[in-house]
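The values are calculated or read from the model by the stated rules, or taken from the named source; none is laboratory data. These figures come from a predicted structure and were not determined experimentally. Glycine gets a Cβ as well: all are built from the backbone with ideal geometry, and neighbour counts include every protein chain shown. The accessibility values were calculated without ligands, DNA or RNA, using every heavy atom of the protein model including side chains. Shrake-Rupley method; radii C 1.70, N 1.55, O 1.52, S 1.80 Å.
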Amino acid sequence: MRTPDARPARRAASALTALALFAGGGAVTVGLQLATAPAAAALDNGINLTPQMGFNNWNSTYCGAQFNEAMIKGIADIFVTKGLKAAGYQYVNLDDCWALPQRDAGGNLVADPVRFPHGIKALADYVHGKGLKFGIYSSAGDHTCDVKGFPGGLGHEQQDADLWASWGVDYLKYDNCNNKGVDARTRYRAMGDALKKTGRPILYSICEWGSTGPWNWAQPVGNSWRTTGDISDNWQSMISIAQANQGLANYAKPGAFNDPDMLEVGNGGMTGTEYRTHFSLWAQMAAPLMIGTDLRTAEPETLEILTNTDVIAVDQDPLGKQGSVVSRENGLVVMSKPLADGSRSVTLTNEGSYDATISTTAQAVGIGGAESYKVKDLWSKKSSTGNGAISAVVPGHGTAMFRITPSSPVSPPSGVTRLSDLPFTAVSNFWGPVERDRSNGDHVAGDGGTITIRGTQFANGLGVHAPSEIGFHLGGTCRNLVTDVGIDDDAYGNGSVVFQVFKDGVKAADSGPVTGQDQARRLTADLTGAQELKLVVTDGGDGTSWDHADWANVRVACGDGPAAGTYQVSDLNWSAAGNSWGPVERDMSNGDNQARDGATITVGGTTYAKGLGVNAFSEIVYYLGGACSSISTDVGIDAEAQGRGSVSFEIYADDTKVADSGRVTSASGVKHLTAALTGANELRLVVTDGGDGTNSDHADWAAPVLTC
């Protein structure tokens, strides 16, 4: 056992200055969650389509003498003999302190000969010989994080990447210490480019601590990115990091995952109940599962937690979706995670100290409408069948975890939903599987790349090969479908296809012939009353060679919008909201980083009783369902910024910008914006930085009024 203060001073615990409220059901979550922001495609290195699983020594050894070759070999052995490899763990990784403090005369990194007498390549070969993969550590600075000052990768990116590739490295954890103030994107992209040039598939784990909001830029750069500062082996550290990471659900996707840091399970600072919560929440958040305890001395309870295959299956679900908070009230938290087979994983977490009953329903977690449901407790392994009600008495600091499966297909939830997130009711494809959020590629699942049509990239969609057909159950609840379509650039300008949309067997849209030379084409379809939807791609008449086709950013709008009338926007429930400092506040200014700590909204000396207080970067999304016609609002920098800050206010009707304030400073006073929203499925209120950083960017949507 080690105490929390045994950890050496390593890296500043960069608090994630991002809280959000996700109020589809009035729930409060911690973290930044933007419903439409994650437009970036995942890194195209063909690996990490589900979150990485493995071991890293730091949480159990730091830079101690026990961190050596014998330890790493022992961990690899235990992976095989104790069932961890069979459970899905594959990476055995070194952290800081593996190298000598100085590079050699040629500028190369040199392994510490005392810790690793046979060198790193021999150690990697040993790990590979067990059917496992091997990882290493560096920092995007001139030195790593340990106080002894081991050499970092800044300025040596290609040299280090080539050396690691020659050793057989499969994974790089790249830290953020001693970075000389160089822009984070520049530093991390430089190493990412260097890794690509080696030609070796190397999982790239960005460890930037969430300092610059890497979820906004890291998807095409790395396979995962840290969202917070370092975890410690105690309840408060673990649960605060979980809270910070929860609001980032919309940024996770296959090949690109939020990383709330390594596991502390088994290190002795928490109870078994708390460790089960830790493991459950990390799986629910589609987080990397990197073991941080010395498995050579692990207790049976530790191994039981780490090898719970039902919980691991949730983390490793091929849909690649991070669970999101459904409700949070008085420390009782319900999360729901969509799974590829149409079921949901549900966690009921008691953040308090005493037993509490936590309940939810299939409807609340997004899969209402089935006649019955199978519910499996993923820790007790007990199963039952019922009407979709879920309830448990949860001990203090505990989590109950369930998999709930409908007996029949259910309708999409109200709002705008990507079809790549929904289960298929039927599927056929000429070449390989239908790919979610990737191009069709070759005939092996997950081998496609970013969906790309004549150079335009799309983060979401379905990659197919003609002839292809995909079915979805709508249940008569959806209004319309919108998608871009085209031949993927995987076809090198070849191929010809026709895209068709059918509702209940009747053709609702037809693209006409589309070739590999055509730009992406917009296709829409009225789905009113449709029970079933089919997406069909047929050959364009010249044979099926090269018919790699994309349904790009294909989505459906389901459910009714607001009833006719005039609404104060702050009185409505948003479908998603994100904010870079504290939560979005209703009817008060943004204040500090706690909920409800703002003041009266005040812009240019004018006060407002109604409105939304935010801090750039911010986005708030409302589902309109085509029912609304316009919005009118005052905007400006709140008086609490004390004369500082600069932002831009933008209003979007679906993907179209319909109003823009231009750059607004505290001296600008009140500006007024109006925008037409006729026919829009979604309203997005966006605040961006004015170009001088986000400090003091306390911005107000003052008395916004929606007309429907």
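Quick rundown of the values:
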item: Enumeration of residues in segment 70-110 that are open to solvent by 20 Å² or more (accessible area, probe 1.4 Å) and within 28 Å of Phe150 (Cα to Cα); result: Ala70, Lys73, Gln90, Leu100, Pro101, Gln102, Arg103, Asp104, Ala105, Gly106, Asn108, Val110
item: Unique match (being among the hydroxyl-bearing types (Ser, Thr, Tyr) and at pLDDT below 95) among Thr450, Thr483, Thr456, Thr515; result: Thr450
item: Unique residue being farther than 15 Å from Glu469 by Cβ, part of a strand (DSSP E or B) and open to solvent by 50 Å² or more (accessible area, probe 1.4 Å) when the list is Thr524, Thr528; result: Thr524
item: Residues located in segment 178-190, provided they are out of contact with any Gly (no Cβ under 7 Å at 6 or more places or on another chain) and crowded, with 24+ Cβ neighbours inside 10 Å; result: Arg187
item: Residues being under 16 Å from Thr277 (Cα atoms) and more than 27 Å from the chain's Cα centre (by Cα) - total across segment 358-380; result: 1
item: Any strands (runs of 3 or more DSSP E) falling wholly within segment 571-646 and containing at least 1 residues that are open to solvent by less than 10 Å² (accessible area, probe 1.4 Å) and under 15 Å from Leu685 (Cα atoms); result: 576-579, 611-615, 618-623, 630-637
item: Enumeration of residues in segment 190-217 that are at pLDDT 95 or above, outside any strand (DSSP E or B) and closer than 24 Å to Asn460 by Cα; result: Gly192, Asp193, Lys196, Pro201, Ile202
item: Counted residues, segment 528-558 - those being within 31 Å of the chain's Cα centre (by Cα) and modelled with pLDDT under 95; result: 0
item: Check on His465, farther than 17 Å from Phe499 by Cα and at pLDDT 95 or above; result: no
item: Strands (runs of 3 or more DSSP E) completely within segment 223-335 that count 2 or more residues being open to solvent by less than 10 Å² (accessible area, probe 1.4 Å); result: 224-226, 257-259, 289-291
item: Residue list for segment 470-489, restricted to those being assigned to a loop (DSSP other than H, G, I, E, B) and touching a Cys at 6+ places or on another chain (Cβ under 6 Å); result: Thr477
item: Total residues in segment 438-460, condition under 19 Å from Tyr251 (Cβ atoms) and in contact with a helix residue (DSSP H, G or I) (Cβ under 6 Å, 6 or more places away or on another chain); result: 1
item: Matching residues in segment 67-104 - criterion: being outside any helix (DSSP H, G or I), under 16 Å from Asn56 (Cα atoms) and among the charged types (D, E, K, R); result: Asp95, Asp96
item: Candidates Asp175, Asp193 - the one that is at negative phi, acidic (Asp, Glu) and crowded, with 24+ Cβ neighbours inside 10 Å; result: Asp175
item: Subset of segment 535-553 (residues that are surrounded by 24 or more Cβ atoms within 10 Å (Cβ to Cβ) and either within 22 Å of Gly636 (Cβ to Cβ) or among the β-branched types (Val, Ile, Thr) (or both)); result: Val537
item: Pairs, first in contact (Cβ under 8 Å) with a residue 40 or more places away in the chain and of a type in the set (Ser, Thr, Tyr) in segment 239-252, second part of a helix (DSSP H, G or I) and buried (at least 24 other Cβ atoms within 10 Å of the Cβ), C-beta under 8 Å, six or more apart; result: Tyr251/Trp215
item: Boolean, Gly352 is over 28 Å from Phe257 (Cα atoms) and either free of Cβ contacts under 8 Å to residues at least 40 places away in the same chain or touching a Pro at 6+ places or on another chain (Cβ under 8 Å) (or both); result: no
item: Yes/no for Asp175 being over 20 Å from Asp96 (Cα atoms), of a type in the set (Asp, Glu) and either under 27 Å from the mean Cα position of the chain (by Cα) or at pLDDT 95 or above (or both); result: no
item: Where a residue in segment 261-287 is on the phi > 0 side of the Ramachandran plot and its partner, wherever it lies, is assigned to a loop (DSSP other than H, G, I, E, B) and hydroxyl-bearing (Ser, Thr, Tyr), with Cβ under 6 Å and at least six apart; result: Gly266/Thr293
item: Only one of Val498, Val506, Val556, Val537 that is touching a Ser or Thr at 6+ places or on another chain (Cβ under 7 Å) and either closer than 27 Å to Gly369 by Cα or not hydrophobic (A, V, I, L, M, F, W, C) (or both); result: Val556
item: First in segment 150-167 and within 10 Å of Ser138 (Cα to Cα), second anywhere and of a type in the set (Lys, Arg), Cβ under 7 Å, 6 or more apart; result: Pro151/Arg103; Leu154/Lys180; Leu154/Arg187
item: Which numbered condition Ala340 misses (of (1) among the hydrophobic types (A, V, I, L, M, F, W, C); (2) over 22 Å from His473 (Cβ atoms); (3) touching an Asp or Glu at 6+ places or on another chain (Cβ under 7 Å); (4) open to solvent by 20 Å² or more (accessible area, probe 1.4 Å)); result: (2)
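Here's the yes/no breakdown for (1) on the phi < 0 side of the Ramachandran plot; (2) open to solvent by less than 10 Å² (accessible area, probe 1.4 Å); (3) modelled with pLDDT under 95; (4) part of a helix (DSSP H, G or I):
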{"residue": "Leu123", "(1), (2), (3), (4)": "yes, yes, no, yes"}
{"residue": "Gly131", "(1), (2), (3), (4)": "no, no, no, no"}
{"residue": "Gly135", "(1), (2), (3), (4)": "yes, yes, no, no"}
{"residue": "Val147", "(1), (2), (3), (4)": "yes, no, yes, no"}
{"residue": "Gln158", "(1), (2), (3), (4)": "yes, no, no, yes"}
{"residue": "Leu163", "(1), (2), (3), (4)": "yes, no, no, yes"}
{"residue": "Val169", "(1), (2), (3), (4)": "yes, yes, no, no"}
